[in-house]
1. What pairs can you find where one residue is in the range 125-141 and under 18 Å from ALA67 (Cβ atoms), the other is among the acidic types (Asp, Glu) and not in a loop (DSSP other than H, G, I, E, B), and their Cβ atoms are less than 9 Å apart, with a gap of 6+ or different chains?
2. Listed residues VAL93, VAL75, VAL36; which is more than 17 Å from the chain's Cα centre (by Cα), farther than 15 Å from THR124 by Cβ and touching a residue at least 40 places away in the same chain (Cβ under 8 Å)?
3. Checking HIS50 against (1) of a type outside the set (S, T, N, Q); (2) open to solvent by less than 20 Å² (accessible area, probe 1.4 Å); (3) more than 16 Å from VAL141 (Cα to Cα); (4) under 16 Å from the mean Cα position of the chain (by Cα), only one condition comes out false. Which one?
4. May I ask you to verify whether LEU114 is of a type in the set (A, V, I, L, M), more than 16 Å from ILE43 (Cβ to Cβ), at pLDDT below 90 and surrounded by fewer than 17 Cβ atoms within 10 Å (Cβ to Cβ)?
Amino acid sequence: HARVLKWVVQHGDRSFELPAIVYRNKGFYQKRFMSVAELEEIISLLEDQHQSFALVLAYTGLDLGDAVGLRWRDVDLQEKMIRTQRGKTGIKVDLPFTKAVSDVFQVRSRVRNLHDDLVFHTVTGQGFQKAWKRALRKSSVDWNVRVKDLRHFFASFMLNKGVDHLTVATLMGHTSVEMLKTRYGHFGDDTLRKAVKVFDKIEGQSSNCLQVVCKN
């Protein structure tokens, strides 16, 4: 819309410059992230086919479109790796997956459509969006958890468990660690408390410092 507006105005005034655009997507600067309990509750309220799909989204960080388009040729069951390309950026990502995700793939492989290479050939993006909203309404979760927040959960959970930003950015297919910090770098109180506790490990220095402060 902004580019079209600029093009229209410049037909009458070649010197017109568009002011800086403020990104207004509320989810871009999301400050609240799903807890494990919230994730498990919403997933439990989904239909069977959507339960496994949601779990894969949460534990791999794949975008909705990338997960819908995930193909068996991208999944290495023996090495427990997903090797695919992000649809938005075209960036190649190598994603190790957990036992829970491995179990999902094993079950899906038993009902695999021989004429379709899609892992989730019965799931559509629109269908899952609707199913997620229905499950959210039935749940006790009191805030608007979007499908996109499954990807946010993946990043936030790892960051809170001490996984470094560069590794998380690589797993998510981000080209910028700064983008990761801006969008997903939300730390819970327990993580922040744990971070400052490293100072408690400075043996003997805490008491010495306190004596100096008290003298001053």
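1. ALA135/GLU41
2. VAL75
3. Here HIS50 meets the rest and fails (4).
4. Answer is yes for this residue.
Residue by residue, here is whether (1) surrounded by 13 or more Cβ atoms within 10 Å (Cβ to Cβ); (2) under 14 Å from GLY173 (Cα atoms); (3) in contact with a helix residue (DSSP H, G or I) (Cβ under 6 Å, 6 or more places away or on another chain) holds:
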site	(1), (2), (3)
VAL36	no, no, no
SER44	no, no, no
TYR59	yes, no, yes
ASP74	yes, no, no
GLY87	yes, yes, yes
ASP94	yes, yes, no
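The values are calculated or read from the model by the stated rules, or taken from the named source; none is laboratory data. Because the structure is predicted, anything quoted here is derived from the model rather than measured. Here the Cβ is made from the backbone with ideal geometry for all residues, glycine too, and neighbour counts use every protein chain on show. To get the accessible areas, we keep the full protein, side chains included, count just its heavy atoms, and leave off ligands, DNA and RNA. Shrake-Rupley method; radii C 1.70, N 1.55, O 1.52, S 1.80 Å.
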